[in-house]
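Beneath this line is the structure, given in structure tokens, with notes to follow.
The values are calculated or read from the model by the stated rules, or taken from the named source; none is laboratory data. None of these values were measured; they are calculated from a predicted model. Methodologically, a virtual Cβ is constructed for each residue, glycine included, from the backbone with ideal geometry; neighbour enumeration extends over all protein chains shown. Areas reflect the complete protein model, heavy atoms only, side chains present, ligands, DNA and RNA absent. Shrake-Rupley method; radii C 1.70, N 1.55, O 1.52, S 1.80 Å.
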Amino acid sequence: MTEELRWLYKPVPAPDQIARDAAIARQKQLIKPEGALGRLESIAVDFAGFQGKEQPQLDRLCVRVFGADHGIAAQGTSRFPQAVTSVMLKLFCEGGAAINVLSREQNADFAAINLGCVVPTEHPDLIDEVVASSTADFSQGNTAMTRDQLALALNAGRRQSTDTDCFIGGDMGIGNTTSAAAIFAALFDLEVSKITGRGTGIGDVVLTRKMALIESALEMHRERLGSPLAILQTFGGFEIAALTGAFIASVQRQVPVLVDGFMATAAAAIAGTLNPSVKPWLLYAHLSDEAGHKLALECMEVKPMLSFNMRLGEGTGAVLAISIIRQAINLHNKMLTFSEAGLPIAD
């Protein structure tokens, strides 16, 4: 392991158990039957542990969308041309995309990061972290990234971590569901047909070709897939690597991460396998409608908060879930206790 990437393995303390216990005790005192608010109660307890205090807050939200193009897209695995990646990055900067609407509603600190597009893109508000115009086509015998490119992308994500109450990472990249499916298949030894979905809405013929490409690539690269970093280098996009770096670096600041959909979950899976100490700091926002996401979450033994049949990416499902988290914290902090209401606690 090069010194440049040694930071990935720096361990993170577990969330504060004393604060969690205090939050659990408070939940038992609130004017409701114990457990009546379901997961809203456990979410508040989680944030108490993250922040080390009985009554947490969620005031500062950081949202970063990472965009990059994928060499595998040359094999026709998407309905849309790669020019869309560049167009969407500009749109993120202009404030017109779904993630912008949701981020504004949450007063989030928002930015988009360009890791490399086939069609060059510029905007005054676009953060330039270009690694290359695209990853290589991993179906042709190359790894998607060189070792140096992998390091550049991971460190670009690291630079986007900030001291905040919660970090959300979004993704944009034509071809990225193919990369994510290959990552999951390699990391968890899954059947390609069960983890691979329709991405941008491809038909049966293209889906069959997409699965065949992944199957062939898994066999072609089998000797290279001995570690999470090797899997990421072989199949991952620059944006998936940047998400991985951003997730690990955020948790190392003791900032919880709210994980979005299929691509973000692939990054979280790599992050948690590389550095298991980050896992308790990762929460999963929603179950994507992309086929395979449910299986991936089951392999990781995690449970998403929402299921709204979304598959947009960008971080939209995660920012949507922030509203639920904020209400969970409000209930935890602002409801009366039995003693404050002058009521006895039933045995």
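Miscellaneous remarks
- For region 32-53, taking the residues that are part of a loop (DSSP other than H, G, I, E, B) and open to solvent by 70 Å² or more (accessible area, probe 1.4 Å), the one that is farthest from LEU258 (Cα to Cα) is identified as PRO33.
- The listed residue being closer than 30 Å to GLU314 by Cα and among the charged types (D, E, K, R), out of ARG26, ARG60: ARG60
- Residue match in region 77-87 (condition: surrounded by 18 or more Cβ atoms within 10 Å (Cβ to Cβ), out of contact with any Gly (no Cβ under 8 Å at 6 or more places or on another chain) and assigned to a loop (DSSP other than H, G, I, E, B)): no
- Inclusion of ALA321 among residues that are assigned to a helix (DSSP H, G or I) and in contact (Cβ under 8 Å) with a residue 24 or more places away in the chain is warranted.
- Of all residues in region 142-157 being part of a loop (DSSP other than H, G, I, E, B) and farther than 14 Å from ALA68 by Cβ, the one that is least open to solvent (accessible area, probe 1.4 Å): THR143
Quick grid of which residues meet (1) open to solvent by less than 20 Å² (accessible area, probe 1.4 Å); (2) not in a helix (DSSP H, G or I):
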| position | (1), (2) |
| --- | --- |
| GLU290 | yes, yes |
| ALA296 | yes, no |
| CYS299 | no, no |
| LYS303 | no, yes |
| PHE308 | no, yes |
| ARG311 | no, yes |
| GLN327 | no, no |
| ASN333 | no, no |
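- Complete set of residues in region 179-189 that are open to solvent by less than 40 Å² (accessible area, probe 1.4 Å) and either touching a Cys at 6+ places or on another chain (Cβ under 7 Å) or under 23 Å from THR85 (Cβ atoms) (or both): SER179, ALA180, ALA181, ALA182, ILE183, PHE184
- Flag if ILE113 is within 16 Å of the chain's Cα centre (by Cα) and either open to solvent by 10 Å² or more (accessible area, probe 1.4 Å) or closer than 15 Å to THR85 by Cβ (or both): yes
- Residue count, region 218-269 (criterion: in contact with a strand residue (DSSP E or B) (Cβ under 8 Å, 6 or more places away or on another chain), outside any helix (DSSP H, G or I) and not acidic (Asp, Glu)): 7
- Exactly one residue out of ALA108, ALA136 is under 22 Å from VAL259 (Cα atoms) and open to solvent by 20 Å² or more (accessible area, probe 1.4 Å): that is ALA108.
- The combined condition, being modelled with pLDDT under 95, within 22 Å of GLY317 (Cβ to Cβ) and out of contact with any strand residue (DSSP E or B) (no Cβ under 6 Å at 6 or more places or on another chain), is not fulfilled by SER42.
- Any chance THR121 is at pLDDT below 95 and not in a helix (DSSP H, G or I): yes
- Contacts under 6 angstrom Cβ, first residue in region 159-171 being closer than 20 Å to PRO56 by Cα, partner in a strand (DSSP E or B) and open to solvent by 10 Å² or more (accessible area, probe 1.4 Å), 6 or more apart: none
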